[in-house]
Every structure is written in C-alpha cells, then in structure tokens.
Amino acid sequence: MTKSKDTKRLGRRAFLKAGAGAAALTGLTASEALAAKATKSTRWDLEADVVVVGFGGAGACAAIEAHDNGAKVLIIEKQRADHHYPDIRMAGGNFHSPDPKGNRASLKAMGLAQMSGDNLPWKLEGEQNEIADELAELWATHSVENLPWLMSLDPEFKPARGGGPAFPDFPGAKDSGYRWYTASYSGKADADVPTKDLPKAQKMNGEAFFACLSTGIANRKIKVMYETPAQTLVKNDNGEIVGVVATAPGNKTIRVKARRGVVLTTGGYEFAPTMRKAFLEGPGVEGWAFYGSPDNTGDGIEMAQAVGAGLMGAGKVNGRLIAAVPLRANGLRHGVVTDTVGAPNTIVVDNTGARYMNELMVATGNSRYFSYKAAVAFDLNKMDFARIPSWMVFDETFRSTKTLASMGFGSVGFGLVPWTHDNMDAVNRGWILKGDTLEELAAKIKAHKDNRSLIDAKTFADAVKRFNDGCAEGKDEFDRKVKATDGLAKPPYYAIPLYAGGPSTGGGIAATAQREVVDWRRRIIPRLYVAGEICQPFRYIYTTGCGIGPAVTFGRLAGRNAAKLKAWG
Ligand SMILES: Cc1cc2nc3c(=O)[nH]c(=O)nc-3n(C[C@H](O)[C@H](O)[C@H](O)COP(=O)(O)OP(=O)(O)OC[C@H]3O[C@@H](n4cnc5c(N)ncnc54)[C@H](O)[C@@H]3O)c2cc1C
C-alpha cells in the first residue's frame with residue numbers, strides 16, 4: 001500500500017514513530033463511511049486552496065495566515081452575517097502576548113506546565129505529553145508575536161495592558177516575560193459596558209478583538225460564506241481530506257474543494273447535548289451551563305471523528321461556577337458571566353443549604369480555574385450531586401449595589417439573556433428567587449425543580465447565621481477573608497442557582513503540536529488541521545488569555561501549515 005507524500009513527510013517525526021509503521025490507509029472504516037468520498041467524477045461547486053470551517057477567533061487567524069502564505073482562502077461560517085456572534089466576539093478579550101525580551105526557555109517551561117503539567121512534580125501524568133514539549137516550544141516562539149501581529153492587521157487596535165502570570169510559582173513564570181492584554185480600540189477595558197453597537201473607536205473586549213480580525217479579513221478580501229454550516233469532510237482514496245460538504249442558504253448542498261487543506265475551527269461543544277453527556281463530569285446536560293455562542297455544537301468534532309480522528313482531553317472545560325437562567329438553546333440552559341461569586345454580602349450553599357467552601361476560591365486566585373470540579377462533586381453520604389445546583393445567596397445590599405452578571409460581554413452583552421444593572425429584571429422573571437425572610441427563601445428554593453426538595457431550612461438558616469457571626473468576628477469557618485460589613489444583614493434575601501460551566505469546553509480532537517489531526521493511533525490524517533477550542537492546547541490549566549492567545553498562535557500555525565502543502569491532484 002502506498003502512502004501519500006504528506007504521510008511520508010510527517011511520518012519522519014518522532015511523534016509519529018509508534019504509529020507510522022502501521023500507517024497504511026486501508027479500506028473504509030465504519031466512521032469513515034460517514035464522511036463523503038471524493039472520486040474522479042466528483043463535481044465541486046466551489047474551490048479554494050485552504051478552506052477554513054468556522055469564522056471565529058482561531059478560524060480568522062488561520063485564514064489570514066494562510067492567505068499571507070500564498071493560499072486562496074475560503075471561510076465557511078454557520079451563523080448569519082447579521083447575527084454572527086462567535087465566542088471570540090462574545091469574549092472578555094484577554095489574550096497572551098508575552099514580552100519578546102523575556103527568557104524564552106522560561107516561557108517554554110511555563111507553557112509546558114500549563115499545557116500538560118509535565119514539569120510539575122505533583123502531576124501524575126502529563127495531559128498530552130507526546131506533544132507537549134513541541135507545543136510549548138511553538139508557544140514560546142510564536143505567542144510573543146501576538147500583539148505585533150494584531151497591530152499589523154489594524155494599527156488602530158489599542159489594547160489595554162492586563163497582567164502577568166496567574167501562577168507566579170510555576171516553572172519559568174518569574175522571568176518568562178509573560179503578559180496578557182485586553183482587546184480594545186480605546187485603550188480602556190471595562191467588562192460592564194457592551195460595545196457591540198458602538199463605533200469601532202469605542203469597542204472593547206472580545207468585540208474589539210473580533211473587529212481587529214475582521215479588518216484583517218476584509219483588507220485581504222478573504223471570502224466568508226455565512227449561513228453555510230459544514231456537514232461532512234470529503235476524503236479521497238489516499239485518505240487525504242480534500243474538501244467539505246456544506247449546506248448553503250436555501251438548504252442547498254454544496255461541495256467545496258480544498259486544494260491544499262482544510263482547517264476546522266468550529267469551537268467547542270458547549271451546546272451539544274449528546275457530547276456534553278458523553279464527555280462532561282457528572283450530569284452533562286443538567287449539571288452544566290455555558291455563557292458563549294449556542295452555535296458551538298461540536299460540529300467539527302463530529303466531522304473529524306467521522307474521518308477517523310482520535311480524541312484528546314475531550315472532557316476538558318474552561319470553567320468555574322456560574323449562574324444560569326431558565327432560557328435554553330438546543331435544550332441547554334444559558335449561563336451568565338458571574339464574576340461576583342464571593343463578593344461581600346453573598347455566600348454559596350449547596351442544595352441542602354450548607355456552605356462548602358471559601359467562595360472567593362471561585363472568583364479569585366488559581367483555585368478558580370478548577371472550581372467547577374467542586375460543583376460536580378458526588379456526595380457519597382447523600383448519594384447525590386448535592387451541589388447541582390449550588391445557590392448564590394445574597395441580601396438587599398448586594399442586590400441594590402452590584403450587578404450580578406457581567407453586562408459587557410458573554411450572553412448578557414450579546415442579548416441572549418436580558419439583564420439589568422439593578423438585577424430587578426431577573427428578580428421579576430423569577431430567575432432570582434426572593435424571600436422577605438430566610439425561611440421564605442428556603443421554601444422558594446425547595447419549590448425550584450432543580451432543588452429536588454433537598455434543602456433543609458434549618459441548615460440554610462444556620463449557614464447564614466454562622467457566616468454573619470464570622471463576619472462580625474472577622475473569622476470565617478472556611479477561611480474566607482471577611483469584614484464586619486460582609487454579612488447577609490439586610491432583607492429581603494435572594495438566591496440564584498449556580499452550575500459548573502463558563503466560557504467553553506476545551507477538549508476534543510487529537511492533533512500534533514503542528515495542529516495536524518491524528519487518529520487514535522496518532523497517525524496523521526493528511527490535509528486536515530484544527531485550532532481553537534476544538535483542540536485547546538492549554539489542557540492542564542486554563543488561565544486568563546488561554547483561549548484567545550492560542551487561537552492566535554495556533555490558528556496562525558494551522559493556516560500556515562495548510563497553505564504550505566502542495567495541492568493534491
Ligand atoms: C463569554 C466568553 C468570555 C471569554 N473570555 C475570554 C478571554 O477573556 N480570554 C480568552 O483567552 N478566552 C476567552 N474566551 C474563550 C475564547 O473566546 C475562545 O477561546 C476563542 O474565541 C477561540 O475560539 P474558537 O475559534 O475555537 O471558537 P469561536 O470563536 O466560537 O468560533 C467558532 C466559529 O465556528 C462556527 N461554526 C460552528 N459550527 C460550524 C459549522 N458546522 N460550519 C461552519 N461554521 C461553524 C461558529 O458559528 C463560530 O463562528 C471567552 C469565551 C466566552 C464565551
């Protein structure tokens with residue numbers, strides 16, 4: 001059996017050694033049969049050198065870089081042009097761009113720790129140790145280009161300076177020169193101001209980031225086909241991916257030929273019920289909520305699997321503990337960005353009414369990147385997921401002075417979930433439960449179907465009392481830093497359910513560090529690339545900027561690699 005040129009080229013890599021000997025591409029497997037087959041008589045409706053599937057953060061970067069490396073590029077996008085809100089646009093807009101003058105070996109060590117944990121003494125095994133070293137090397141080399149590259153797309157782009165490493169004690173963190181920025185055209189960053197409908201000069205957060213990428217796409221005249229969800233990949237007899245079948249407006253099936261390669265950048269599976277059940281911890285459907293695009297339904301994962309792709313860290317989530325509302329998309333509830341967990345005059349209790357943690361661990365410090373794991377813990381004594389949901393409980397002082405959900409981005413900023421600064425719209429809709437007394441609030445929680453009648457009014461009242469007493473004494477039973485005014489002192493009282501979740505899932509398709517898709521035996525599927533949340537490189541610890549940063553670095557890499565291939569046929 002002959003191997004394609006690409007398979008031969010790539011088979012030389014150490015990464016592939018284990019599987020290369022057996023890499024002969026034999027007849028169709030069951031999963032391959034789900035994909036379309038290219039034959040000599042295949043009629044193509046459109047063609048390009050590189051076809052990018054998904055016009056989000058990673059897709060835009062892949063498309064621009066492929067174009068700049070000499071490829072004719074076509075982007076296929078599922079959403080309508082007038083309702084195009086990918087996660088990159090809905091995002092907070094924080095992205096990595098380390099100082100090029102930092103120590104490169106240190107930057108690599110820091111990347112390795114976050115991407116795989118290989119160099120952390122307490123990590124039992126690396127998350128993706130076959131590729132982590134090369135992945136970290138690529139990140140250390142190219143992430144420093146992020147800011148200058150974005151400025152080259154649009155010189156008016158004026159990001160606000162963010163901060164340094166979230167884990168200053170990690171290997172290399174101190175002298176790595178690591179930095180993150182927040183996207184902006186005004187030089188300012190404000191998470192509470194929606195800028196979707198403002199002129200470009202006032203845009204901030206993900207909206208500003210997407211405006212910068214869109215400028216790069218428009219200046220290069222890269223064609224975007226909106227309202228055209230990709231359905232399947234097309235494979236030829238050599239096992240190469242040579243095109244995409246999509247549904248164009250008017251329900252028309254089109255075949256798009258990709259002369260050099262296809263880059264899948266369709267995001268995560270936040271709004272795909274079956275994938276959530278398959279991959280997420282605990283009850284994947286009812287135990288979780290996400291606050292990004294409802295059109296991220298794992299399509300790319302399904303398409304790549306159908307041509308034989310393996311999975312890597314498929315259950316990974318960029319999450320914490322967030323509030324959710326009864327509004328649903330694809331049968332799954334919308335979450336809201338809830339950076340207020342742990343704020344003064346608030347606590348979190350489980351479904352029985354008991355506190356179980358220092359709430360600040362959800363919103364601040366490095367624990368926040370793992371806090372979703374606490375929310376899906378199974379209670380062996382109660383034989384129940386007693387923390388699904390948990391409840392953020394607060395008093396009138398919090399309600400009247402703080403906005404629970406971030407207004408500037410995410411599901412609220414993009415109008416998927418209505419919210420008002422005084423939180424009263426959510427109270428009036430019954431999304432936030434209200435009681436004049438704690439007993440009344442406990443009764444309302446009990447009547448909520450997700451509580452499953454688990455709440456015990458006395459446990460609940462005791463939890464609030466102990467917290468209030470602790471605030472008065474300046475000492476909390478869970479070691480939360482408290483002061484006298486932090487208690488839940490002013491009625492009425494309120495509660496909203498919290499679930500594990502956040503911006504996006506981060507796991508999925510197995511790929512090399514160069515972002516070539518591989519099967520379960522780590523053999524490359526030629527001409528197929530991935531980038532973005534479909535294959536999040538920061539597998540072990542996702543911190544600020546870990547979504548957008550790698551979407552730029554590795555989206556560009558995937559686009560560049562696809563563009564450099566020789567056209568097939
Ligand atoms: C509210 C929110 C806040 C965030 N804040 C930050 C932050 O501050 N910093 C950070 O680093 N990360 C953040 N993220 C994550 C970040 O947005 C993503 O990591 C980044 O956008 C890369 O995502 P992506 O390109 O994989 O997906 P997206 O940007 O979501 O793009 C995927 C695209 O694929 C399209 N698509 C899906 N299926 C198909 C199909 N079948 N055919 C064609 N097109 C399809 C989608 O419509 C979408 O346009 C945030 C995310 C959210 C939701």
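Any read-out appearing in this document is the output of simple, stated calculations on the displayed coordinates, not a laboratory observation. Just so we're clear, the structure is a prediction, and the values are computed from it rather than from any experiment. As a convention, Cβ positions derive from the backbone with ideal geometry for all residues, glycine included, and neighbour counts pool all protein chains shown.
Using the empirical formula 2.2 N^0.38 Å as the baseline, the Cα radius of gyration of the stretch 45-102 reaches a ratio of 1.38. Dimensions of the stretch 108-260 along the principal axes, based on C-alpha atoms and rounded to the nearest Å, stand at 55, 47, 26, largest first.
When the Cα positions of Ala304, Phe95, Val144 are compared along the charge dipole of the chain, Ala304 comes out farthest toward the positive end, with charges on each C-beta of Lys, Arg, Asp and Glu.
Across the stretch 255-270, coupling constants 3J(HN,Hα) worked out from phi with the 6.51/-1.76/1.60 Karplus curve, θ = phi - 60°, read 10, 10, 7, 10, 5, 10, x, 10, 10, 8, 9, 8, x, x, 10, 4 Hz, and Gly and Pro carry x.
The P(r) of the chain has a tail past 48 Å containing 12 percent of all C-alpha pairs. Out of all DSSP beta bridges with both ends in the chain, state the antiparallel percent to the nearest 5. Counting DSSP beta bridges with both partners in the chain, the antiparallel share is about 70 percent.
For the stretch 397-490, go through all pairs of different Cα atoms, get the mean of 1/r, take its inverse, and jot down that Kirkwood value in Å.
15.2 Å
Quote the relative contact order of the chain in percent (integer), defining contacts as alpha-carbon pairs under 8 Å separated by 6+ residues.
On the way: 1415 pairs, mean separation 127.2, N = 569.
Worked out over the chain, it gives 22 percent.
Restricting the calculation to Cα atoms, every distinct pair contributes to the Kirkwood radius of the stretch 402-452, found to be 12.2 Å. Spatial offset of the stretch 113-163 relative to the stretch 248-307 amounts to 24 Å, using the alpha carbon center of each. Taking the square roots of 5 times each eigenvalue of the Cα gyration tensor of the stretch 328-425, largest first, gives ellipsoid semi-axes of 24, 17, 13 Å.
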